[in-house]
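Single-structure report; data block below.
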Amino acid sequence: MIARLAFFLLFLSVGPAVALAPSEQMDDPALEARARAIGKQLRCVVCQNESIDESEASLARDLRHLVRERLKAGDSDAEAMDFIVKRYGDFVLMQPRFAAENYVLWLFPFTLLLGGGLIIAHMRRKAPKN
Amino acid sequence: MKYFSKLMPFLPIIIFGVVVGIFLRHYSIGRDPSALPSMLLDKPAPRFALKQLDADKTFSEKDFLGRVTVVNFFASWCSPCHIEHPYLYGIDRGALVLGIAYKDSAQNIGGYLKDMGNPYRLVLMDESGLVGIDWGLSGVPETFVVDKGGTVRYRYVGSLTAERVQQEINPLIAALNK
């Protein structure tokens, strides 16, 4: 019984895997929170389905470090993100931007809805009334 | 108008076709979805100041102005770099072949070049990897061609092959030297 309990407790003692090492964290909790939030929005280019906040890749660690350096130097969140985007492109944003090359993607559903609506309205007007 | 109403039933199919065409062209055909576009193409090479391997000299991007330069990021710990190593000798020497050792020690790089041979005119050390990030590196090896004015004209991610060097890099070097 005790062995079983100990075995069970062993599982409880396993924390969630966190890529971020304690030594990477900044002393200022507010800055650290901002850095974590930014890290979650940036894609790791080595392991493309993870954010740099989650990734164990060494490049992700470097980028986390870089984001913290930028924040320490007084960058705003947007400036720190732009710093990375300038080097790696819009692709590193986990959330796509409303940018020129994406207009088709963003606007197509609405265009379709509007166009379809107009066609239906037109047809209804032309249809013989019963 | 008569034609239009005859066309009507096919309209959804036509629209669908057009959309598929647009998407294929922009997002799929001939593009490896995991291959990343380079932000540097046709932009000035990033600034850097790096120490030369085994020498007390520092070089910056300005030192390469006026020469077509092939910048090859590599490391002794990277096996794709070992694979591409022999093909680096095939690069047209009309360009200066610059090796930047990414996240590696002078000792390891020295040993690597001694064992394998040194295809570089000059080797600079990026021990922290920060210069690599400025170049948008996602790993090693990566190869860039920079023109005489310091503008990046070409980027290749991964191991170079003999074909890649002969068919893409050398013709570009020749064109940039004209």
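The values are calculated or read from the model by the stated rules, or taken from the named source; none is laboratory data. In this text the structure is predicted, and so the values were computed from the model without any measurement. All Cβ positions, glycine included, derive from the backbone under ideal geometry; neighbour counts span all protein chains shown. Side chains are part of the model used for accessible areas, which takes the heavy atoms of the whole protein and leaves out ligands, DNA and RNA. Shrake-Rupley method; radii C 1.70, N 1.55, O 1.52, S 1.80 Å.
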Which of (1) surrounded by fewer than 13 Cβ atoms within 10 Å (Cβ to Cβ); (2) within 13 Å of chain B (Cβ to nearest Cβ); (3) more than 22 Å from B:Ser38 (Cβ to Cβ); (4) touching a helix residue (DSSP H, G or I) at 6+ places or on another chain (Cβ under 9 Å) does A:Val104 not meet, given it meets every other one? (1)
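Any chance segment A:76-85 includes a residue that's over 17 Å from the mean Cα position of the chain (by Cα), surrounded by fewer than 17 Cβ atoms within 10 Å (Cβ to Cβ) and more than 14 Å from chain B (Cβ to nearest Cβ)?
yes
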Quick check on A:Leu42: is it surrounded by fewer than 16 Cβ atoms within 10 Å (Cβ to Cβ) and of a type outside the set (Asp, Glu)? no
The lone exception for A:Pro109 - which of (1) surrounded by 12 or more Cβ atoms within 10 Å (Cβ to Cβ); (2) within 13 Å of chain B (Cβ to nearest Cβ) it fails: (1)
Which number in (1) within 14 Å of chain A (Cβ to nearest Cβ); (2) out of contact with any Ser or Thr (no Cβ under 8 Å at 6 or more places or on another chain) marks the one condition that B:Pro80 misses? (2)
Tell me yes or no: at least one residue of segment B:125-132 is over 30 Å from A:Arg61 (Cα atoms), away from chain A (no Cβ under 14 Å), assigned to a strand (DSSP E or B) and touching a residue at least 12 places away in the same chain (Cβ under 8 Å). no
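Could you say which residue among A:Phe7, A:Phe91 is of a type in the set (Phe, Trp, Tyr), surrounded by fewer than 11 Cβ atoms within 10 Å (Cβ to Cβ), at pLDDT below 90 and assigned to a helix (DSSP H, G or I)?
A:Phe7
Table: residues versus (1) closer than 22 Å to B:Asp56 by Cβ; (2) under 14 Å from the mean Cα position of the chain (by Cα); (3) open to solvent by 20 Å² or more (accessible area, probe 1.4 Å).
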position: B:Ala95; (1), (2), (3): no, no, no
position: B:Gln107; (1), (2), (3): yes, no, yes
position: B:Lys114; (1), (2), (3): yes, no, yes
position: B:Lys148; (1), (2), (3): no, no, yes
position: B:Ala174; (1), (2), (3): no, no, yes
